[in-house]
Amino acid sequence: MVTGVVYPLTSVFVRPEQFRGRRLFVTGADAHHLLRVLRLGPGDRFIALDGRGNEYRARILLVHHGGLEAEIEEEGLRRSEPRLRLTLGQALPKGEKMEEVIRKGTELGMAAFWPVLTERCVAVPPSERREDRLARWRRIATEAARQSGRAVIPSVAPIRTWAEILAEFPRFDLVLLPWEGDGTVALKEVLRGKESPVEVLALIGPEGGFSSSEVARAVAAGAKTLSLGPRILRTETAGLVLGAAVFYHYDEMGGTEGERTHPVPFVEGGAGNRL
């Protein structure tokens, strides 16, 4: 963690090409936010995040038309990411609910979002609008990551089919599927049976739920069906509840001493200085 900073300093995500030695150049929407919205100027400081866990304390040197130039004063590692990587496979919900799922899931600490087409999805965007929808979802993830102090921007995948999701199961240590049919067990029992997973996939159905055939295929591929309790949760709520429960069970909720690293001085060309 960089020292001498009283959190929360404003942070922005930056790309490798914005660095030139010890200098950082910020333009576009980020510069507008820093200079016009927050009214920062020469001598003021902000935090730059590279999206891979590194953070840089930067001091504004010059303001010019279209952007600003800052000096890197210090760098370190931001330890705000869970050790457990939780991917949310969310069946496409109605309206703008997917945006809320991505926004809140990013705040919670989810690593990735997979929008999924299932049998009972009713809000299916036409093919010609999917790229625009994906771009918007990714912008929401970026903004939510910045506002919530994340070190990494969660990835948002293009819309996938159920078959494509099933093919990804082998890469996960645990696949969770809330389901109120026969053969389900309490969430706590499922989590007790798996110690220290690193990659977890949570699958959430649409408003009408998963079909029996979809659940059967998922179970055959290795998914664990479970119950989230006696109350009915909306599709945009269920993934967040499940994610919070998983993070809590594996001690990923709340901070611990030493969660952030000690300061690392900026060294020109140092291994940790770039993406």
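Brief remarks follow.
- Restricting region 1-58 to residues that are of a type in the set (K, R) and surrounded by fewer than 16 Cβ atoms within 10 Å (Cβ to Cβ), the residue that is modelled with the lowest pLDDT: R52
- Take the conditions (1) of a type outside the set (F, W, Y); (2) surrounded by fewer than 16 Cβ atoms within 10 Å (Cβ to Cβ); (3) within 18 Å of E107 (Cα to Cα); L86 misses just one of them, which is (2).
- Lone qualifier among E99, E75 - being surrounded by 18 or more Cβ atoms within 10 Å (Cβ to Cβ), touching a residue at least 12 places away in the same chain (Cβ under 8 Å) and not assigned by TED's automatic domain parsing to the domain that holds D173: E75
- Those residues of region 104-119 which are touching a helix residue (DSSP H, G or I) at 6+ places or on another chain (Cβ under 8 Å) and not β-branched (V, I, T), in sequence order: K104, G105, E107, L108, G109, M110, F113, W114, P115, L117, E119
- Hey, T261 closer than 30 Å to R20 by Cβ and either among the polar types (S, T, N, Q) or at pLDDT 50 or above (or both) or not: yes
The values are calculated or read from the model by the stated rules, or taken from the named source; none is laboratory data. Since the structure is predicted, the reported quantities are computational estimates derived from the model, not experimental observations. Here Cβ is always computed from backbone atoms with ideal geometry, including for glycine, and neighbour counts include all displayed protein chains.
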